[in-house]
Amino acid sequence: MNIHEYQGKQIFREAGVPVPEGYPAFTVDEAVNVAEKIGTLPVMVKAQIHAGGRGKGGGVKIARSIEEVREHAQNILGMNLVTHQTGPGGKLVQRLLVESASNIASEFYAGIVLDRSLSKFCFMVSTEGGMEIEKVAEETPERIFKVWIEPGADLEPFQARQLAFALGMEGTQIRSAVKTFMNLWNVFRDKDCSLMEINPLIVTVENEVIAVDAKINFDGNALYKHSDIAEMQDLTEEEPSEVEAKKYNLNYIKLDGTVGCMVNGAGLAMGTMDIIKLYGGEPANFLDVGGVANAETVAHGFEIILSDPNVNAILINIFGGIVRCDRVAQGVIDAMGKIEVNVPVVVRLEGTNAKAARQLFADSPLEFIVANSLEDAAEKVVKASKGEI
Amino acid sequence: MSILVNNDTRLVVQGITGKEGAFHTAQMVEYGTKVVAGVTPGKGGQKDANDIPIFNTVAEAVKETNANTSIIFVPPPFAGDACLEAIDSGVSLVICITEGIPAKDMVPVKDALNRTGVRMIGPNCPGIITPGEAKIGIMPGFIHKPKGNVGVISRSGTLTYEAVHQLTVRGIGQTTCIGIGGDPIIGTTFLDLLKLFGDDPATEGLVMIGEIGGSAEEEAAQWIVENNYDIPVVAFIAGQTAPPGRRMGHAGAIISGGKGTAADKMAALERAGIHVCKSPADIGATMEKALKL
């Protein structure tokens, strides 16, 4: 789960990680009020969307007067911000963060991630603040310094010192940086984060170490422990159909194609998308209906897939193991009796009781295109989507 | 022959009285798996529907029944602890089916595995089956063909069934099929299993089903090259059409920072001389050809 920068900074502030004074604003007047509350100029006016690259896209501006705060807030609020992470469609800006601007002396990167190869959390820093870390890793990996947190242990003070020295910090900066790094790790651990990035972490002209950015992702599997974090989720940042799907425990991701698919199991769902593409179609979604493909689940699946106006054919691909194919087939038939499905539906059921399932489809007055294998299904659904069947 | 599980496997089921645990215990017993004990804290001394004795702790179950393998059907908030208990109990193999365990809970589990040498399959996996001998998991037993010569290793569940089905309809039986799990931290990787299958005289071909996220497939490819691995491997990578930055159902299936793409993995596998299928429908046919080469 993602949160906004201003929410991340609130968490940092509470954990003793220095951040600039700042507050969220939902309207232009609020932005002006916030700037006046901060009391010093200049201030930064920053678009709050769940994507990086906001500065380059024109979503972050410096304001040297209250008039400029108003002007920038007017321009940024309601704009469709396009960055390399939003996709070409961009994202509507509905919230701002107005915060005091810092006197930057040097910029760094700090991040905590799970190192999947070692099964340990890794704290990394880089002297290349403000750059995309993936680019740094590729072009100048020697400028990234890493320490690993031992299982059952915490970031140790000596490791935090290693990080600070790796960034070339000196004098009082060391102490501030060590404290900041330790506190960042505490947040990561206590809140079950899956990713934390501060880019840039800065040293000010006044020798303070400040997190000017805060990107935090949380482990969705651990949210049950953190109701305060779960409440921070901004549902307007999510695709509405994906939010709807979650209510029914369906794992749905909207894509740009025209061929809808409904599959049991995440791996098979990805594989089904892949084979649709191989046969010349474009998948409209990822949808894993999980182990219980009954009439209700299937009906919700149909509703969600059909809420996408681009969909012009649907493939149902179920490999029945513990879940019996005839039950799934009955579910599909019942669901199509309940809701209007106005695009061709290709069904491919394999596994337990697959024969009985095929018979149910054959006996049903509803129109199905029954496929005999995975490749047959892909071929048929792509043809159907192009109006060739 | 087979790897890890066979007729000698004596299974203890952690969470045997839960809905999932009870259902799949019956299924495993029906398949012929020797389920010798169950564990549900507080229900020690009782018996389950299949007359299997229930114990309060895994250690007690192992002591009383000589169980050598444990399977875990414990809800996610308690599953990390259940793994640690299993590792401490004296069994040599742990299979964790549970999906949705926080990553932070898995770090100490992986550490305990490294320290003790106990092997774990999963979590977030369908389990492991040696067809005709032991089914330790939630996979449909009947799609498998016993006494075969092909091993299957996969990060997926139903996609594994798909691949196994393609083998079986071609008359290709399996030695052992293992779902290693879709989480970022798992007990056993492709690489570990390549080594084990390499020592199994019956295994003449391997199916490897990977997916986007992480670098386990690349690491396996590199090892295959460095060790002149001589068992033919057929691979499929799911998620060729997955968008970056999105978690595709499995906690570990995510392209992050441009890393972990299907294209990179397929290229690495191809460089290692592995038969890479673009289509998930071609796994069986490709293996059929590879076995004849």
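The values are calculated or read from the model by the stated rules, or taken from the named source; none is laboratory data. These figures come from a predicted structure and were not determined experimentally. Please note: Cβ atoms are built from the backbone with ideal geometry, for glycine as well, and neighbour counts cover all protein chains shown. Just so you know, the surface numbers come from the protein's heavy atoms only, side chains and all, with ligands and any DNA or RNA stripped out. Shrake-Rupley method; radii C 1.70, N 1.55, O 1.52, S 1.80 Å.
Of note:
- Only Lys, Arg (+1) and Asp, Glu (-1) charged, at Cβ; the range A:145-220 dipole about Cα centre in debye: 100
- Principal semi-axes in Å for chain A [√(5λ), Cα gyration tensor, largest first]: 48, 25, 17
- Among B:N114, B:Y161, B:A103 - extreme Cα towards positive end, dipole of the protein assembly as shown, charges at beta-carbon: B:Y161
- Ratio of the Cα radius of gyration of the range A:109-206 to 2.2 N^0.38 Å, where N counts its residues: 1.03
- DSSP-defined beta bridges in the protein assembly as shown - what % are antiparallel, rounded to 5: 55
- Under 20 Å from the Cα of B:K289 - aspartates and glutamates, other chains or at least 8 residues apart: A:E375, B:E162, B:E204, B:D230, B:E270
- Dimensions of chain B based on its C-alpha atoms, expressed as ranges along the principal axes with the largest first, amount to 55, 42, 31 Å.
- Across chain B, the mean sequence separation of Cα contacts (distance under 8 Å, 6 or more residues apart), normalised by length, yields a relative contact order of 15 percent.
- Compared with the alpha-carbon gap, the fully stretched path from A:E208 to A:R189 is longer by 4.4 nm at 0.36 nm per residue.
- Placing +1 on the Cβ of every Lys and Arg and -1 on the Cβ of every Asp and Glu, with nothing else charged, gives the range B:1-86 a dipole about its Cα centre of roughly 60 debye.
- More than 18 Å apart - percent of Cα-Cα pairs taken over the range B:138-204: 37
- Using a simple spin-label model with pseudo-atoms 7 Å out from Cα toward Cβ, A:I66 and B:D199 lie 7.7 nm apart.
- Interface residues of the range B:153-178, defined as those losing at least 40 Å² of solvent-accessible heavy-atom surface relative to the isolated chain (probe radius 1.4 Å), are listed as B:T158, B:E162, B:H165.
- Relative contact order (percent, whole number), chain A, Cα cutoff 8 Å, 6+ residue spacing: 12
- Label-point separation in nm, A:A105 to A:E296, each point 7 Å along Cα→Cβ: 6.2
- Residues in the range A:185-210 that a label on A:D228 would reach, taking backbone N under 13 Å of a point 7 Å out along Cα→Cβ: A:187-188, A:190-192
- Look at the Cα gyration tensor of the range B:161-236: its axes a ≥ b ≥ c give a/c of at least 1.5 with a/b at or below b/c, and that counts as oblate.
- Whole-Å distance, taken between Cα centres, linking the range B:131-197 and the range A:339-389: 28
- Pairwise inverse Cα distances across the range A:172-233, averaged and inverted, put the Kirkwood hydrodynamic radius at 12.8 Å.
- Positive-pole candidate from B:G18, B:A290, A:C122, dipole of the protein assembly as shown, charges at beta carbon: B:A290
- DSSP beta bridge pairing in chain B, given as percent antiparallel to the nearest 5: 20
- Shape of the range A:274-381, Cα gyration tensor, a/c cut at 1.5: rounded
- Residues B:K43, B:K292, sorted by accessible area with the largest first, give B:K292, B:K43 [1.4 Å probe; ligands and nucleic acids excluded].
- In a reduced charge model with +1 at each Lys and Arg Cβ and -1 at each Asp and Glu Cβ, the range A:6-124 shows a dipole moment near 440 debye about its Cα centre.
- Equivalent ellipsoid semi-axes - Cα gyration tensor, the range A:193-322, angstrom: 37, 18, 14
- Sparsely packed loop sites in the range A:30-90 (the trypsin sites (Lys or Arg not before Pro) outside DSSP H, G, I, E and B with at most 12 other Cβ atoms within 10 Å) comprise A:K56, A:R64.
- For chain B, calculated [θ]222 nm from helices alone, where every DSSP H run of n ≥ 4 adds -39500 (n - 2.57): -10500 deg cm²/dmol
- Counting only GluC sites (Glu not before Pro) that DSSP places in a loop and that have at most 11 other Cβ atoms within 10 Å, the longest clean stretch of chain A runs over A:1-169.
- When Rg and the Kirkwood radius Rh are both evaluated on Cα atoms of the range B:113-225, their ratio Rg/Rh stands at 0.94.
- Spatial extent of the range B:2-141: Rg and Dmax, with the Cα atoms as the point set, Å: 13.4, 37
- Apportionment of accessible area to carbon and sulfur, the range B:1-45, percent (1.4 Å): 51
- Listed pairs A:K380/B:K259; A:K146/A:K191; A:K120/A:K277; A:K246/B:K19 exceeding 29 Å between Cα atoms: A:K380/B:K259; A:K120/A:K277
- Note on the protein assembly as shown: Cα-Cα pairs beyond 35 Å make up 47% of the total pair count.
- Expressed to the nearest 5 percent, the antiparallel share of DSSP beta bridges inside chain A is 75 percent.
- Relative contact order (percent, whole number), the range A:292-340, Cα cutoff 8 Å, 6+ residue spacing: 67
- In chain A, helical runs assigned H by DSSP with n ≥ 4 each contribute -39500 (n - 2.57); averaged across all residues and rounded to the nearest 500, the mean residue ellipticity at 222 nm is -11000 deg cm²/dmol.
- Fraction of the pair-distance distribution of the range B:34-90 above 13 Å, Cα-Cα pairs, percent: 57
- Degrees between helix A:5-14 axis and first principal axis of chain A (Cα, 0 to 90, nearest 10): 60
- Taken along its principal axes, the alpha carbon cloud of the range A:56-177 reaches lengths of 48, 36, 30 Å, longest axis first.
- Gain in span if fully extended, A:S307 to A:I174, counting 0.36 nm per residue against the direct Cα distance: 42.4 nm
- Positive end of the dipole of the protein assembly as shown (Cβ unit charges, origin at the Cα centre): among B:G258, A:Y252, B:A235, the Cα lying farthest that way belongs to B:A235.
- If R0 is taken as 41 Å, the Cβ-Cβ distance between A:L235 and A:K135 corresponds to a FRET efficiency of 0.80.
- Rg and Dmax of the range A:1-121, both derived from C-alpha coordinates alone, stand at 15.5, 52 Å.
- Shown here: the range A:252-304, whose C-alpha atoms stretch 31, 20, 15 Å along the first, second and third principal axes, sorted largest to smallest.
- Using the Cβ-Cβ distance between A:E21 and B:N50 with R0 set to 56 Å, the FRET efficiency works out to roughly 0.30.
- Angle in degrees between helix A:266-278 and the longest Cα principal axis of chain A, rounded to the nearest 10: 80
- Angstrom value of the Kirkwood radius, inverse mean 1/r, which spans all Cα pairs in the range B:178-293: 14.5
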